[in-house]
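Working notes for the structure below.
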Amino acid sequence: MMIEGMPLPVVDDPLDAPFWQATLGGQIVIQRCSSCGRRRFPPRPMCPECQSFESTWQRMSGEGRIWSFVVPHPPLLPAFAGLAPYNVIVVELADDPSIRLVGNLVTSATGEINEVDPKTIRIGAPVRAVFHKVADDVALIRWVAV
């Protein structure tokens, strides 16, 4: 389902375009310093560890665990008013727990962001990424329980 008035990310910024291209293809990639190997998200021009400007993109497994969550009341953005209450989860990636991504816990890639009862969400629960195409050039990461 496309949410009317939903704010969409800018996907053609050279700094993070590889991330958005990967999500469109059903993958998660994270920026990695070519000098020291540290992964970083969100993408940045310079490594905060060694100050190198060289980086590559590394594919992640798409698995993780719920690190935190919130149920916004009332919704912070008017476009989501009709879906409240809904969950927003923070997931730490299994490949690198220092990398955390935000999304919604759903039952399938096309599920509604309010379809999971917030009372059932547990910190530490394992999840895997699914991808929901919301525009021709944008796929958002969502999460399903495993």
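The values are calculated or read from the model by the stated rules, or taken from the named source; none is laboratory data. Quantities reported herein were computed from a predicted structural model and do not represent experimental measurements. Glycine also receives a Cβ, built like all others from the backbone with ideal geometry; neighbour counts cover every protein chain displayed.
Is it true that residue 90 is aliphatic (A, V, I, L, M), surrounded by 12 or more Cβ atoms within 10 Å (Cβ to Cβ) and closer than 23 Å to residue 17 by Cα?
Working: aliphatic (A, V, I, L, M): yes; surrounded by 12 or more Cβ atoms within 10 Å (Cβ to Cβ): yes; closer than 23 Å to residue 17 by Cα: yes.
In short, yes.
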inquiry  = Being surrounded by fewer than 16 Cβ atoms within 10 Å (Cβ to Cβ), of a type outside the set (Lys, Arg) and under 25 Å from residue 18 (Cβ atoms) is the requirement here; does residue 61 meet it?
reply    = yes
message = Given the options 139, 135, name the one that is over 13 Å from the mean Cα position of the chain (by Cα) and of a type in the set (Gly, Ala, Ser).
response = 135
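From the list 67, 20, pick out the single residue that is in the same structural domain as residue 100 (by TED's automatic domain parsing) and within 29 Å of residue 126 (Cβ to Cβ).
On the way: 20 fails: in the same structural domain as residue 100 (by TED's automatic domain parsing).
67 is the lone residue from the list that is in the same structural domain as residue 100 (by TED's automatic domain parsing) and within 29 Å of residue 126 (Cβ to Cβ).
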query = Residues that are of a type outside the set (Lys, Arg) and in contact (Cβ under 8 Å) with a residue 60 or more places away in the chain: which strands (runs of 3 or more DSSP E) entirely in region 1-76 hold 1 or more of them?
reply = 29-33, 63-70
note = Expected single match for under 17 Å from the mean Cα position of the chain (by Cα), within 22 Å of residue 12 (Cβ to Cβ) and crowded, with 18+ Cβ neighbours inside 10 Å among 99, 66, 30, 113 is 30
request  = Being part of a loop (DSSP other than H, G, I, E, B), at pLDDT 95 or above and β-branched (Val, Ile, Thr) is the filter; apply it to region 94-146 and report the residue that is nearest to residue 18 (Cα to Cα).
outcome  = 99
